[in-house]
1. Residue by residue, what Karplus-based ³J(HN,Hα) values in Hz, rounded to whole numbers, does segment 176-185 have, using 6.51, -1.76 and 1.60 with θ = phi - 60° and x for Gly and Pro?
2. Is any residue of segment 119-140 close enough, with backbone N under 14 Å, to a label point placed 7 angstrom from the Cα of Asp186 along the Cα-Cβ axis, and if so, which?
3. Starting with the highest mean, order 91-97, 130-136, 74-80 by the number of other Cβ atoms within 10 Å, averaged over the residues of each peptide.
4. Could you work out how much longer the chain between Arg31 and Ala70 gets when fully extended? Use 0.36 nm per residue separation minus the Cα distance between them, nm to one decimal.
5. Taking amide H atoms as placed 1.01 Å from N in the peptide plane, list the residues 5 or more away in sequence, or in a different chain, whose amide H sits under 5 Å from that of Val130.
6. Take the alpha carbon gyration tensor of the chain, find the square roots of its eigenvalues, order them as a ≥ b ≥ c, and report rounded if a/c is under 1.5; if not, report prolate when a/b exceeds b/c, else oblate.
Amino acid sequence: TPVIGVLALQGDVREHLIALAAADAVARPVRRPEELAEVDGLVIPGGESTTISKLAVLFGLMEPLRARVADGMPVYGTCAGLIMLADKILDPRSGQETIGGIDMIVRRNAFGRQNESFEATVEVSGVGPVEGVFIRAPWVESVGARAEVLAEHGGHIVAVRQGNALATSFHPELTGDHRMHGLFVDMVRDAG
Ligand code: GLN
């Protein structure tokens, strides 16, 4: 059984721990580099990407996170977690850093002005229709050649995979549908 961590600095950690357990993984919170070293894969939750970025630096996790992602550890980011996996943020707050790993440019709070928070059915390649919960969600402005677009909503990219890195603008951890977590658990199994 794969052991999957949830980066537990800020955000909806508990919901991801529950979804991962439902998808047949052993799930644990990760706050320290020693804990990161012990997991087979990592989820980066939704929350506030600026806060997660600052706490990752403060907890000495930013460089270990970059090293493990660069080394091919499977990683899945939702919403703020998607932002953390982007190689570039179009509109970063001052001092905001990312782990990177996916060749994409993201726009924070992109759906915000039109609609702070909404749900929509999203067709995810390889998974099927998924109920997407969007909360002050980013979208992906553009992806590089190595990144595969898995879903779009309203003409904007909302799910991407590059190698062992998966990211969605929406929050499958809030719906009780564990297929996206199941896809990620399979990625961790395949990498092991
Ligand atoms: N707007 C948040 C950010 O920029 C993301 C919101 C979320 O994770 N629900 O980090």
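Here, each number is a calculation from the coordinates, and none is a lab measurement. Remember, it's a predicted structure, so these values are computed and weren't measured experimentally. All Cβ positions, even for glycine, are placed from backbone atoms using ideal geometry, and neighbour counts span all protein chains on display.
1. Karplus values, whole Hz, x for Gly and Pro: x, 9, 9, 5, 5, 5, x, 4, 5, 4.
2. Under 14 Å, as judged by backbone N against the label point of Asp186, lie 124-129 of segment 119-140.
3. 74-80, 130-136, 91-97
4. Extra length from Arg31 to Ala70 when fully extended: 12.1 nm.
5. Long-range HN contacts for Val130: Val122, Glu123, Val124.
6. Rounded, because the longest to shortest axis ratio a/c is under 1.5.
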